[in-house]
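Beneath this line is the structure, given in structure tokens, with notes to follow.
The values are calculated or read from the model by the stated rules, or taken from the named source; none is laboratory data. Note that the structure is a prediction, hence the values are computed from the model and not measured. Every residue, glycine among them, receives a Cβ derived from its backbone with ideal geometry; neighbour counts consider all protein chains shown.
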């Protein structure tokens, strides 16, 4: 979701892991030579999503460790969801709609929110996006963190700990290992998607 803090946390996770950091929106902008907002204006959301899916696949198939902060809408493409589930360790940062509305009101660079402005109209857009996307985030996430009120540095440490736990589980052949089709749930996360209103995911490919 817009405003969940994906880039701020992702950069810190990359530093902790000693891995390169990539932002999917920036990768699309570099490929097209235009901003995400301009891409939406010229190509529509469908055009942007096609390029977004292509760049996601390129990054996750490039080889080597990386930390990738995706845009909140990357999960809309079924092929991208499959990649995020099977070619990465995906972290969902769950944040309340109130927090997302407050954060996104500070800027106008997000195309899906630009027309809504701020206030009740923006919150309606965020409510709609959360209703559409939260089940998809739950589908791809290996790790779920309650990010409400947490600082980026604190969240980065929690992500690092969760990844270490997953690696240890994989070495033990633990049935909760994501490769076996289950999901790791961080102890700090609420139980079930209905207990939060906003979200974002971190795709870490290793």
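Some points to look at:
- Any chance residue 129 is modelled with pLDDT of 75 or more, within 20 Å of residue 74 (Cβ to Cβ), touching a strand residue (DSSP E or B) at 6+ places or on another chain (Cβ under 6 Å) and crowded, with 20+ Cβ neighbours inside 10 Å: no
- Top-ranked residue in the stretch 137-148 [being surrounded by fewer than 21 Cβ atoms within 10 Å (Cβ to Cβ) and in contact with a helix residue (DSSP H, G or I) (Cβ under 8 Å, 6 or more places away or on another chain); ranked as nearest to residue 87 (Cα to Cα)]: 139
- A residue that is more than 30 Å from residue 170 (Cβ to Cβ) and either at pLDDT 80 or above or not in a helix (DSSP H, G or I) (or both) occurs nowhere in the stretch 82-89.
- Count of the stretch 1-39 residues which are closer than 18 Å to residue 147 by Cβ, in a helix (DSSP H, G or I) and under 15 Å from the mean Cα position of the chain (by Cα): 9
- Against the conditions (1) touching a helix residue (DSSP H, G or I) at 6+ places or on another chain (Cβ under 7 Å); (2) modelled with pLDDT under 95; (3) surrounded by 14 or more Cβ atoms within 10 Å (Cβ to Cβ), residue 109 satisfies every one except (3).
- The residues of the stretch 37-60 that are under 25 Å from residue 89 (Cα atoms) and either touching a helix residue (DSSP H, G or I) at 6+ places or on another chain (Cβ under 7 Å) or crowded, with 18+ Cβ neighbours inside 10 Å (or both), listed by number, are 48, 49, 51, 52, 53, 55, 56, 57, 59, 60.
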